[in-house]
Amino acid sequence: MKHLLFCLFLFGALGSYAQEASIIGKITDENNLPIAYATVNLKNSVKGTVTDENGDYRLSSLDTGTYVIQFSGLGYTKVNHLIKLNDNEPLEVNVTLPTDLKSLNEVVITSNRVRETLDEVPSSISVISSRQLEALGQTSTNVADVLLEVPGISLSTNQTSNTGQTLRGRKMLVLIDGIPQSTPLRNGNRDINTIDPNTIERIEVIKGATAIYGNGADGGIINYITKKADASSPFESTTVVGSTGALKNINKTVGANISQTFSGNVDKLGYVVNGTFRQTGVFRDANGEVVSPYYGIGETSQYSLFGKFNYQIADNQHVEMMYNYYSSKQNSDYIAQVGEFGVRPSIGVIGEDLSVDQGNRYNHNAQLTYDFLNIFGDTDFKLNLYAQDFRTVYGYSISFYDPNLGYDGGQSSIISTKKGARFNFNTPYELGRISGNLLYGIDILNDVTAQELVDGRPWVPETDMTNLAPYLQLKSLYKDFVLKAGIRFENIGIDIPDYTTLTRYNVGETTPSSGGVDVEGGELTYNATTYNVGLRYNKWSVFNPFVSFSQSFSIADLGRTLRSATENTVSQINSDAVIANNYEAGFNSYIGNTHFSGAYFISTSKYGATYRELESGVFEIARQPERVYGFEFTLDTRLTNQLNFGGSVSYTEGKLDVENNGIYNTYMNGDRIPPLKTVTYLTYNWEDKFNARLSYIYSGKRDHFEANDSGDYSYGQGPVSSFGLVNLTAGYQMSRTTKIGLGIENLLNNDYYNLLSQWAGRDNDYIKANGARFNLSLTVKL
């Protein structure tokens with residue numbers, strides 16, 4: 001409560017006296033089209049704003065005098081104008097911004113709650129723009145595959161589960177427009193594939209531990225930013241139809257998709273709506289063999305419905321509503337024929353599946369956003385009210401055999417509902433030659449998560465978490481220095497009812513092997529204060545260095561701990577929270593047409609979150625201290641006006657202090673730490689008519705563990721061999737309204753196993769990757 005009172009005191013203390021002078025105008029590009037969300041700033045002042053969807057802007061409550069006003073936008077050259085303001089005389093300044101390809105690297109970041117360019121953020125950021133998203137999505141319609149070229153993110157699994165797809169060796173918090181998709185109370189690893197790519201405008205990846213969005217971002221944040229309304233016309237229609245399939249053996253592999261989008265602006269109302277349906281065929285490996293349907297995404301139907309509406313209530317007030325529905329269900333004619341790890345792969349054979357359709361049954365997201373500029377003085381206010389309702393269903397397993405209840409097996413399901421509110425205030429300040437802003441507010445979140453079997457047997461009790469978190473973030477600009485520092489106060493209470501752990505039997509036996517423990521519920525309380533501080537220096541374009549320290553707060557999969565509890569009270573369960581400390585040093589450089597970036601990081605935590613397999617086959621979370629470290633490097637250069645070359649290298653390693661004596665001498669498992677990854681690409685663009693992109697993804701070797709006497713590996717410790725993957729995308733603008741696209745995944749039809757298939761060390765998971773696949777699309781925009 002004292003933190004809340006402190007924030008409320010700040011709300012009332014930061015005001016200023018309104019003046020009469022004002023500036024209005026419109027910003028357009030070289031084709032006289034409006035530039036939405038361009039930035040307008042008075043130099044040597046904290047006054048500024050952004051244009052609306054129609055390119056219009058307004059600066060009011062200004063002192064009279066002479067100013068230099070600066071106009072800038074992503075992808076455009078900055079323009080300065082000298083102006084003079086008089087009392088009671090609105091000044092109109094209209095500007096045309098020339099295109100500047102270099103400034104495309106000055107990415108606008110919104111995942112930090114406020115709009116910032118890259119040179120204002122002292123940490124590593126990766127952004128997949130709408131253009132990049134279109135190219136990567138042409139190769140694969142799976143969002144997890146779209147992320148595979150981002151440095152620091154592990155390669156995807158080719159499954160519904162994203163187990164092992166970590167960010168810098170730690171779990172990440174996945175968001176849709178800031179709405180949490182992850183289920184940290186019971187981590188189901190289904191959060192990456194919770195949205196259709198046709199709904200996304202761009203993807204922002206903020207790396208390193210952060211608490212800015214609460215529980216679960218030990219490795220960072222992935223924020224799917226959904227599409228916005230088209231500002232250039234009252235109505236626009238975009239239709240996309242496509243087909244996918246295998247190139248080695250096309251039999252039963254052909255899938256189809258159709259997506260329809262309507263968007264536009266009418267007076268003060270902007271809108272965008274989208275509906276998408278996809279159906280995939282059978283997946284085959286490089287030899288034409290059917291890939292095992294175990295947790296697979298072949299023979300899957302996906303449904304997506306999205307809508308976003310925004311309305312300009314007044315010059316300084318704006319409201320936006322967003323809703324997104326996504327569903328993915330697998331209905332396969334095949335069943336898994338289990339192979340042998342290291343010898344032969346698991347494949348799919350015709351058979352009757354005993355399970356109900358698995359996949360993300362539904363994912364509802366809704367959000368109301370209200371912006372009030374200059375709500376008092378120069379302070380801007382933003383309110384986010386959001387809700388999420390999510391359910392995912394897993395595959396059938398005989399491990400849920402129960403002879404007393406008559407069950408031969410079962411399927412588990414995670415159900416999670418979230419409701420939240422964010423109150424965000426942004427106050428600019430100026431102290432002599434130092435300027436900046438103060439960001440402060442409070443986050444409120446309620447998360448109710450449970451895991452149960454489809455037949456109704458409870459596995460993890462309904463866990464009810466309430467999180468109240470005031471925060472304060474300071475940004476200071478002095479000459480070429482950018483300093484950011486913040487603090488967040490986590491106050492979490494978790495209510496757990498009385499429950500009985502699920503009774504487990506070995507198949508054919510009538511005596512329970514585990515479970516059946518009556519556990520007295522109770523309340524768990526977590527209170528923590530997390531900090532962040534970072535410094536960036538922007539004087540030289542050839543070298544912009546930064547250093548940062550940040551912390552995250554997470555609860556290490558409480559649900560897994562609860563479902564295997566052996567104690568009879570919740571208070572006896574070891575569920576200490578994980579505080580991750582992230583140290584990072586990096587740089588960005590621009591030399592002519594070449595852009596470099598690099599970073600080195602170390603992440604430590606007193607308590608770990610690594611799964612450890614016991615002799616009984618049950619998993620528990622190892623709570624040993626952890627140290628994760630590594631580096632990333634990226635390069636992009638324009639060879640000619642049409643040709644670009646680039647690539648990245650990302651390396652991550654992690655070790656445990658098993659004896660808790662300060663010596664980190666035990667390697668972490670493959671489900672947390674990926675091998676070395678490199679990406680190389682070449683892009684070609686010809687007069688906006690034809691474009692092509694060829695990429696090569698290399699995954700290195702990681703082999704740190706020994707097999708047991710039987711030749712088997714513990715979960716996560718299987719040896720990982722290196723492999724390479726070539727992808728190709730191409731597009732041709734047939735006319736003003738029509739475009740065709742072609743993507744080929746695994747162009748050279750390389751025969752290999754995905755990372756999870758290798759490090760898991762299990763027969764079920766020993767599944768080959770897809771062979772060469774095509775994705776053909778036709779886009780008509782009217």
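Within the shell of other residues whose beta carbon sits under 10 angstrom from the beta carbon of D285, the net charge comes to +1, with Lys and Arg scored +1 and Asp and Glu -1.
For F543, nonlocal amide neighbours, meaning residues 5 or more places apart or on other chains whose placed amide H falls under 5 Å from its own, are Y590. Other residues within the sphere of radius under 13 Å centred on the Cβ of Q733, judged by their own Cβ, net out at +1 (K and R +1, D and E -1).
Between the residues Q181, N363, L431, the greatest Cα displacement towards the positive end of the dipole of the chain, with unit charges on the Cβ of Lys, Arg, Asp and Glu, is found for L431.
Between Y698 and L431, the C-beta separation translates, for a Förster distance of 45 Å, into a calculated FRET efficiency of about 0.35.
May I ask you to derive the FRET efficiency for F690 and T500 from their Cβ-Cβ distance with R0 = 51 Å, giving the value to the nearest 0.05? Before the final figure, lay out each step's value.
Numbers: r = 64 Å, r/R0 = 1.25.
Computed FRET efficiency for F690 and T500 comes out at 0.20.
Every pair of different Cα atoms in the stretch 731-782 enters the Kirkwood calculation, which places the hydrodynamic radius at 13.6 Å.
In this structure the chain gives 42 Å² per residue of accessible area when probed at 1.4 Å with all protein chains present. From its DSSP helices (H runs of at least four residues, each -39,500 (n - 2.57)), the chain gives a residue-normalised ellipticity at 222 nm of -1000 deg cm²/dmol. Toward the positive end of the charge dipole of the chain, with +1 on the Cβ of Lys and Arg and -1 on the Cβ of Asp and Glu, the farthest Cα among L247, L59, V143 is that of L59. Split the accessible area of the stretch 245-386 by element, probe 1.4 Å, and carbon with sulfur accounts for 56%.
For the chain, how big is the tail of P(r) above 40 Å, as a whole percent of Cα pairs?
Details: 105647 of 305371 pairs.
Within the chain, distances greater than 40 Å cover 35 percent of Cα pairs.
Rounded, prolate or oblate, given the Cα gyration tensor of the stretch 288-377, with a/c below 1.5 counting as rounded?
Numbers: a/c = 5.31, a/b = 3.53, b/c = 1.50.
Prolate, because a/c is 1.5 or more and a/b exceeds b/c.
Relative to the longest principal axis of the Cα atoms of the chain, the long axis of helix 130-139 makes an angle of roughly 30 degrees. For the stretch 234-329, the list of chymotrypsin sites (Phe, Trp or Tyr not before Pro) that fall in a loop by DSSP and count at most 16 other C-beta atoms within 10 angstrom reads F235.
The alpha carbons of the stretch 652-760 stretch over 66, 32, 20 Å along the principal axes, in descending order. Taking the Cβ of S301 as the centre, find all other residues whose Cβ is under 13 Å away and add up their charges (Lys, Arg: +1; Asp, Glu: -1). Value of the local net charge: 0. Loop-resident GluC sites (Glu not before Pro) (DSSP state other than H, G, I, E or B) in the stretch 681-782 with no more than 10 further Cβ atoms inside 10 Å of their Cβ: E687, E706.
Ignoring ligands, DNA and RNA, what percent of the accessible area of the stretch 650-782 is carbon or sulfur (1.4 Å)? List each step's numbers first, then the result.
Values: 3120 of 6240 Å².
Using a 1.4 Å probe with all protein chains present, the stretch 650-782 comes out at 50 percent carbon and sulfur.
State the three equivalent ellipsoid semi-axes of the stretch 331-470, derived from the C-alpha gyration tensor as the square roots of 5 times its eigenvalues, in descending order and whole Å.
Working: eigenvalues 493, 72, 37 Å².
Calculated on Cα positions only, the semi-axes equal 50, 19, 14 Å.
For the cross-link pairs K47/K475; K252/K739; K419/K484, the ones whose C-alpha atoms lie over 19 Å apart are K252/K739; K419/K484.
Note that the stretch 659-673 has calculated 3J(HN,Hα) couplings of 8, 6, 10, x, 10, 9, 10, 10, 5, 7, 5, x, 6, 10, 10 Hz, one per residue in order, obtained from phi through the Karplus relation 6.51 cos²θ - 1.76 cosθ + 1.60 (θ = phi - 60°); glycine and proline are x.
How far is the Cα center of the stretch 652-719 from the Cα center of the stretch 541-559, in Å? Comparing the Cα centres of the stretch 652-719 and the stretch 541-559, I get a distance of 20 Å. Toward the positive end of the charge dipole of the chain, with +1 on the Cβ of Lys and Arg and -1 on the Cβ of Asp and Glu, the farthest Cα among L562, A421, I398 is that of A421. The 3J(HN,Hα) values that the Karplus relation (6.51, -1.76, 1.60; θ = phi - 60°) gives for the stretch 637-654 are, in residue order, 9, 8, 6, 9, 4, 9, 10, 10, 10, x, x, 8, 10, 9, 10, 9, 9, x Hz. Gly and Pro appear as x. A simple charge model with +1 on the Cβ of Lys and Arg, -1 on the Cβ of Asp and Glu and nothing else charged puts the dipole of the chain at about 1780 debye relative to its Cα centre.
If the segment from S129 to A314 were pulled out straight at 0.36 nm per residue, it would be longer than the present Cα-Cα gap by 63.6 nm.
The values are calculated or read from the model by the stated rules, or taken from the named source; none is laboratory data. Keep in mind that this is a model prediction, so the values were computed, not measured. Cβ coordinates were reconstructed from backbone atoms using ideal geometry, including for glycine residues, and neighbour counts include every protein chain displayed. What goes into the accessible areas is simple: the full protein's heavy atoms, side chains included, and nothing from ligands, DNA or RNA. Shrake-Rupley method; radii C 1.70, N 1.55, O 1.52, S 1.80 Å.
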